[in-house]
Amino acid sequence: MICDNLSINSSGHLCFAGYDTVGLAQKYGTPLYLMDENKIRENMREYKTAFEKYFPKGSCPEYASKAFSCKQIYRIAKEEGLNIDVVSMGEIYTAFKAGYPMENCFFHGNNKTDKEIAFAMESGVGCIVADSEEELFAIEKIAAQKGITQKILLRVTPGIDTHTHEKISTGNVDSKFGIAIDTNQAKETVGKILKLKNIDFTGFHCHIGSQIFESEPFDLASELMFRFIKDIKNTYGYTPRILNLGGGFGVRYVESDPKISFTEKIADIAEILKKQSNAFQIEIPKIAMEPGRSIVADAGLTLYSVGSVKEITGYKNYVSIDGGMTDNPRYTLYQSPYTVILASRANEKTDFCATIAGRCCEEGDVIQENVMLPKPNRNDILAVLTTGAYNYSMASNYNRVPRPPVVMLNENGDYVAVKRETLEDVCVLDI
Ligand code: LLP
């Protein structure tokens with residue numbers, strides 16, 4: 001199977017993290033997000049161990065919590081000793097309420113408002129990743145008003161074109177994120193930062209994109225960032241204490257996706273940094289990276305109940321489910337591939353080709369096309385694999401559909417990490 005936490009039991013049911021998915025669907029209802037807690041911890045530990053082995057002392061991975069944010073994931077990140085990346089007041093507040101140590105929190109985003117910057121400072125956020133000059137001056141001003149010195153990183157764009165979906169590629173010169181190195185603007189900004197009194201300028205950040213399998217873009221980014229650091233040192237005599245290389249490692253959604261080793265990728269990056277460090281005689285700063293998808297994606301799976309099975313003679317077949325773009329908008333947005341299994345009859349012959357359609361009043365509400373399954377019946381349970389990242393976090397209430405719960409699984413049992421939204425919840429803000 002595509003991931004080692006999947007199997008099929010003697011009843012022909014798909015098992016996830018050792019649990020019979022059909023049993024869980026009966027217990028909690030569908031649609032249902034499942035998260036394998038041990039897999040999350042295993043992924044976090046792999047990063048943590050690789051960082052300790054290959055990068056300078058004090059280097060630490062950050063979990064990019066936009067991939068999956070709820071109180072429980074911040075508690076897990078805290079227990080596993082990972083820093084976190086947050087991008088909104090909502091994520092800051094959730095982490096804070098979960099008791100996460102906010103000094104280990106990095107605040108990102110391409111357009112932070114004054115209100116958000118002040119809120120981050122009041123919440124004790126350790127570092128703000130400044131994305132533009134306006135933002136830098138706003139941070140300086142608000143920090144001065146509060147009588148504090150705020151740690152910042154400067155986000156720069158290294159000018160790398162990644163071979164990923166254009167909507168999740170962010171390292172190119174014309175990205176809306178960061179300040180471009182190529183145009184010399186990043187260098188000019190550094191000169192201005194060094195004059196600011198209420199800012200502790202800790203270093204640089206870049207993020208080239210998401211769902212990237214190749215090594216070259218990361219290797220190139222490491223090289224370009226180090227060249228930039230050298231240029232900055234020569235010009236201003238400034239050397240960063242932290243270099244953050246962002247997130248972006250790809251995960252396996254379908255069999256044809258490669259399985260990559262994060263440890264090997266990190267070892268490669270470390271090698272490149274070492275070469276540059278020797279060539280330029282500049283010490284390697286502490287390294288940070290921000291994996292999101294690769295920590296939670298394969299720890300997640302979504303269960304649905306099958307509704308109608310529509311065969312349009314001579315055209316195509318539709319299998320409709322009780323969820324869709326409201327709990328997983330990724331096919332609608334990016335045509336993302338997914339592996340789909342009929343969980344209630346997982347060992348039967350897959351000889352029926354279908355489009356898996358969601359329940360929204362929208363033709364584009366599709367989870368996947370050309371999926372091979374045993375021909376499903378109403379109330380069969382369908383599983384979509386690898387949904388731990390950017391599913392729950394991107395879910396919506398379109399059509400006033402309540403969001404499914406998140407149930408976590410570990411060796412002690414199954415437990416609700418996020419409750420199912422009720423119809424009352426859907427109306428809670430209406431007057
Ligand atoms: N750091 C920064 C600054 C980012 O913008 C992102 C993702 C990450 C780290 C984490 O990247 P990851 O390791 O998860 O690839 N909604 C899209 C993905 C958007 C990614 C946004 N930024 C999707 O569903 O594919």
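The values are calculated or read from the model by the stated rules, or taken from the named source; none is laboratory data. Because the structure is predicted, anything quoted here is derived from the model rather than measured. Glycine gets a Cβ as well: all are built from the backbone with ideal geometry, and neighbour counts include every protein chain shown.
Per-structure values
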quantity: Matching residues, segment 18-69, being at positive phi and outside any loop (DSSP other than H, G, I, E, B); calculated: none
quantity: Criterion violated by GLY250 - all others in (1) of a type outside the set (Phe, Trp, Tyr); (2) over 23 Å from PHE280 (Cα atoms); (3) out of contact with any strand residue (DSSP E or B) (no Cβ under 6 Å at 6 or more places or on another chain); (4) at pLDDT 95 or above satisfied; calculated: (3)
quantity: ARG252 being outside the structural domain of GLN368 (by TED's automatic domain parsing), surrounded by fewer than 17 Cβ atoms within 10 Å (Cβ to Cβ) and either basic (Lys, Arg) or at negative phi (or both); calculated: no
quantity: Residue in segment 73-93 that is in contact (Cβ under 8 Å) with a residue 60 or more places away in the chain, part of a helix (DSSP H, G or I) and either on the phi < 0 side of the Ramachandran plot or basic (Lys, Arg) (or both) present; calculated: yes
quantity: Options GLN150, GLN145; residue that is more than 16 Å from the ligand (Cβ to nearest atom) and within 23 Å of GLU290 (Cβ to Cβ); calculated: GLN150
quantity: Subset of segment 190-238 (residues that are without any contact (Cβ under 8 Å) to a residue 60 or more places away in the chain, within 16 Å of the ligand (Cβ to nearest atom) and not polar (S, T, N, Q)); calculated: PHE204, CYS206, ILE208, GLY209, ILE212, PHE213, GLU214, PRO217, PHE218
quantity: Hey, GLN335 surrounded by fewer than 17 Cβ atoms within 10 Å (Cβ to Cβ), closer than 22 Å to ASP298 by Cβ and within 16 Å of the ligand (Cβ to nearest atom) or not; calculated: yes
quantity: Any hit, segment 381-396, residues being surrounded by fewer than 17 Cβ atoms within 10 Å (Cβ to Cβ) and either touching a Phe, Trp or Tyr at 6+ places or on another chain (Cβ under 6 Å) or farther than 21 Å from ALA297 by Cα (or both); calculated: no
quantity: Exclusive hit being loosely packed, with under 13 Cβ neighbours inside 10 Å and within 18 Å of ILE242 (Cβ to Cβ), set GLU103, GLU134; calculated: GLU103
quantity: ASN328 vs. criteria within 16 Å of the ligand (Cβ to nearest atom) and either in a strand (DSSP E or B) or more than 20 Å from LYS316 (Cβ to Cβ) (or both); calculated: yes
quantity: Check on GLU271, away from the ligand (no atom under 13 Å from the Cβ), free of Cβ contacts under 8 Å to residues at least 40 places away in the same chain and surrounded by fewer than 22 Cβ atoms within 10 Å (Cβ to Cβ); calculated: yes
quantity: Cβ-Cβ under 9 Å pairs, at least 6 apart or on other chains, segment 113-136 side part of a strand (DSSP E or B), far side aromatic (Phe, Trp, Tyr) and at pLDDT 95 or above; calculated: CYS127/PHE106; CYS127/PHE107; ILE128/PHE106; ILE128/PHE107; VAL129/PHE106; VAL129/PHE107
quantity: PHE213 in the same structural domain as GLN281 (by TED's automatic domain parsing), surrounded by fewer than 21 Cβ atoms within 10 Å (Cβ to Cβ) and touching a strand residue (DSSP E or B) at 6+ places or on another chain (Cβ under 7 Å); calculated: no
quantity: Members of segment 257-279 that are over 15 Å from GLU216 (Cα atoms) and of a type in the set (A, V, I, L, M); calculated: ALA279
quantity: Only one of TYR238, TYR304 that is out of contact with any strand residue (DSSP E or B) (no Cβ under 6 Å at 6 or more places or on another chain) and aromatic (Phe, Trp, Tyr); calculated: TYR238
quantity: Subset of segment 106-131 [within 14 Å of the ligand (Cβ to nearest atom) and buried (at least 18 other Cβ atoms within 10 Å of the Cβ)]; calculated: PHE106, PHE107, HIS108, GLY109, LYS112, CYS127, ILE128, VAL129, ALA130, ASP131
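Residues checked against (1) closer than 14 Å to ASP36 by Cα; (2) part of a loop (DSSP other than H, G, I, E, B):
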residue: PRO376; (1), (2): no, yes
residue: ASN379; (1), (2): no, yes
residue: ALA389; (1), (2): yes, yes
residue: PRO402; (1), (2): no, yes
residue: LEU409; (1), (2): yes, no
residue: ASP414; (1), (2): yes, no
